[in-house]
Amino acid sequence: MPTIYEINTPIFLREVGQRVGHAVTLADVPDSEWDMIARPGIDTVWFMGVWKRSQVAKDMAKGEAWLKAALPDMQDEDLLGSAYSIQEYVVDDLLGGNDGLATARGKLKDRNIGIILDYVPNHVAIDHHWVTEHPDYFLLGSEHELKRHPEAFVQTPSGIFAKGRDPHFEPWSDVLQLNVFSPSLRQEAIGTLQYIASISDGVRCDMAMLMMNTIFKHTWGDRVGDIPVGEYWPHIITAVHAVSPQFLFLAEVYWDKQQDLLDQGFDLCYDKDLYDHLLHGSVHVIKKHLEKPVSYQNHLLRFLDNHDEERVAKEFPLDKHIAAAVITATLPGTHLYYDGEREGRTVRVPVHLGRRVYEPTNEAIALFYDKLWAFIAEKNFAQGKWKLLTATSKLWHHESHHVLAWEWTTETSRSIIAVNYSPEKVRVTLDTDLKKVTKAEDILKGQVTLSEYINGSRLTLDAWQHVVLERDT
């Protein structure tokens, strides 16, 4: 399973240009920059924000206070328009176009790294060419609805259409809703994704659960007619895999719909639940989440940071941040890291901007991530068998609500990862034989003295502390 590194492509290119002293596109990024991305443990790059963006969406975003809050000295050229209000599925010329992407893909392939891109199935930009060429792809509105709810409908050259939406929030102002039940739209989606599969190794599908028949019907009601016989994703994924069998499908998904989308053909699904539990939940809740079958967890995308979330360095104090990063990195499944996570950035950049504020690197966080990625690459846990362990605060008395622990076992080794995810020092026992432990390691400090952690059958951990124990199989 891949470890994915997400970059905001326009910002990445801008900052590379600043380092080399001239503007660059994906076609002429220096090899040294690709070498920096190709760190140990990283094997897939998600180029977020490569598609041609909507001019209408850009104009609508001008003067928005929340954009100025993220970039107080914002200039007109910094505003690109939303990366998810797509005018056309072609790589923007400002980034080097399709040829530039092909060059970048080749450079990364030389470093054994694949690439994934975005696909937005629910909506397109108001100025997308489908509006005039295929108005039947969209949901119609009326004059009455436009007058009463201008926030939800918009007049276009082809008629009044509904704006795209998630049923739990207000409509997105700069996109039009696609009719997921339309057979012709579904066929168009197949063509679009087959094209994306020809220029990349995978796709991250934005808000993928909105395409499910029951959810789409619940969102739009009688406006969309009867539920079709087949679901959207199985039909489309099957058609794409017929041409590109190894193409990776990653679902951004919420509302406990992960298993549904895995059943419909996705390879990976967001694990937003783990993120939320690590930020706000308890060890008990996290452990319950990790008790789900390993066959399911192998298809989850674990993360602490991405372009939709507040930055992890802002939300998590340093000691908690390190503990949470050890947890996510050593669990089964795929792992996502976002550009700036390693550097300890604290300002979340809206996907409308092509520049971000200067923030100095947090050297403590950077050092930790460098060591974490090297550690994960060396251990290669994915080749072993994972098992969740139980920590008890007194010998066989009651389960600890402070410590999370698991082990990875191969034919020749057994690694135990234990994390005290609490602000208190604890002593626990684990349901594995600690007397057979031969080595203790802290990812940041390296090898540590066993006696500092183990006394007989008991393990001692300071607040937010972790340890990796090696024991005989």
- [ ] Output yes when any residue across the stretch 458-470 is within 20 Å of SER413 (Cα to Cα) and part of a loop (DSSP other than H, G, I, E, B), and no when none is.
- [x] no
Task: Selection from the stretch 29-57 of residues that are without any contact (Cβ under 8 Å) to a residue 40 or more places away in the chain and either closer than 20 Å to VAL349 by Cα or not hydroxyl-bearing (Ser, Thr, Tyr) (or both) - done: PRO30, GLU33, MET36
Open item on the list: Looking at the structure I just gave you, is TYR369 aromatic (Phe, Trp, Tyr), modelled with pLDDT of 95 or more and closer than 30 Å to ALA57 by Cα?
Closed with: no
- [ ] State all residues of the stretch 326-364 that are in contact (Cβ under 8 Å) with a residue 24 or more places away in the chain and hydroxyl-bearing (Ser, Thr, Tyr); if no residue qualifies, say none.
- [x] THR328, THR330, THR334, TYR337, TYR338, THR346
- [ ] Just name the residue that is nearest to the chain's Cα centre (by Cα) out of those in the stretch 437-460 that are β-branched (Val, Ile, Thr) and over 16 Å from VAL426 (Cβ atoms).
- [x] ILE443
TODO: Looking for whichever is touching a residue at least 12 places away in the same chain (Cβ under 8 Å), closer than 27 Å to HIS284 by Cβ and loosely packed, with under 13 Cβ neighbours inside 10 Å here; the options are ASP442, ASP433, ASP462, ASP472. Which one fits?
DONE: ASP433
TODO: Say whether the condition of being under 30 Å from GLU64 (Cβ atoms), among the hydrophobic types (A, V, I, L, M, F, W, C) and modelled with pLDDT of 95 or more is met by at least one residue in the stretch 226-238.
DONE: no
Open item on the list: Name the single residue that is surrounded by the fewest Cβ atoms within 10 Å (Cβ to Cβ) among those in the stretch 278-303 being within 30 Å of HIS352 (Cα to Cα) and either outside the structural domain of GLY333 (by TED's automatic domain parsing) or out of contact with any strand residue (DSSP E or B) (no Cβ under 8 Å at 6 or more places or on another chain) (or both).
Closed with: HIS280
Open item on the list: Here's a check for you: in the stretch 6-58, which residue that is part of a helix (DSSP H, G or I) and polar (S, T, N, Q) is surrounded by the most Cβ atoms within 10 Å (Cβ to Cβ)?
Closed with: THR9
TODO: Report yes if ALA197 is surrounded by 18 or more Cβ atoms within 10 Å (Cβ to Cβ), free of Cβ contacts under 8 Å to residues at least 60 places away in the same chain and under 30 Å from THR103 (Cα atoms), otherwise no.
DONE: yes
Open item on the list: Just to check your reading of the model, which residue among VAL124, VAL180, VAL175 is in contact with a His (Cβ under 9 Å, 6 or more places away or on another chain) and β-branched (Val, Ile, Thr)?
Closed with: VAL175
Open item on the list: Yes or no: the stretch 270-293 includes at least one residue that is within 22 Å of MET48 (Cα to Cα), at pLDDT 95 or above and not in a helix (DSSP H, G or I).
Closed with: yes
Task: Failed item in (1) more than 14 Å from the chain's Cα centre (by Cα); (2) closer than 19 Å to PHE216 by Cβ; (3) β-branched (Val, Ile, Thr), with VAL326 passing the rest - done: (2)
Open item on the list: Can you tell me which residue is nearest to HIS168 (Cα to Cα) among those in the stretch 200-246 that are in contact (Cβ under 8 Å) with a residue 40 or more places away in the chain and among the small types (Gly, Ala, Ser)?
Closed with: ALA208
Task: Those residues of the stretch 139-171 which are surrounded by fewer than 19 Cβ atoms within 10 Å (Cβ to Cβ) and closer than 12 Å to ALA125 by Cα, in sequence order - done: THR156
Open item on the list: Quick check on the stretch 68-87. Is at least one of its residues assigned to a helix (DSSP H, G or I), surrounded by fewer than 22 Cβ atoms within 10 Å (Cβ to Cβ) and hydrophobic (A, V, I, L, M, F, W, C)?
Closed with: yes
Open item on the list: List the strands (runs of 3 or more DSSP E) inside the stretch 101-194, counting only whole elements, that have at least 3 residues being more than 23 Å from the chain's Cα centre (by Cα) and closer than 17 Å to TRP220 by Cα.
Closed with: 159-162
- [ ] Run SER198 past the list (1) part of a helix (DSSP H, G or I); (2) in contact with a Pro (Cβ under 9 Å, 6 or more places away or on another chain) and report the number of the one that doesn't hold.
- [x] (2)
Task: Residue, surrounded by the fewest Cβ atoms within 10 Å (Cβ to Cβ), within the stretch 366-409, restricted to residues that are among the aliphatic types (A, V, I, L, M) and farther than 18 Å from TYR421 by Cα - done: LEU395
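The values are calculated or read from the model by the stated rules, or taken from the named source; none is laboratory data. The structure presented is a predicted model; accordingly, all values stated were derived computationally and were not measured. No Cβ is skipped: glycine too gets one built from the backbone with ideal geometry, and neighbour counts run over all protein chains shown.
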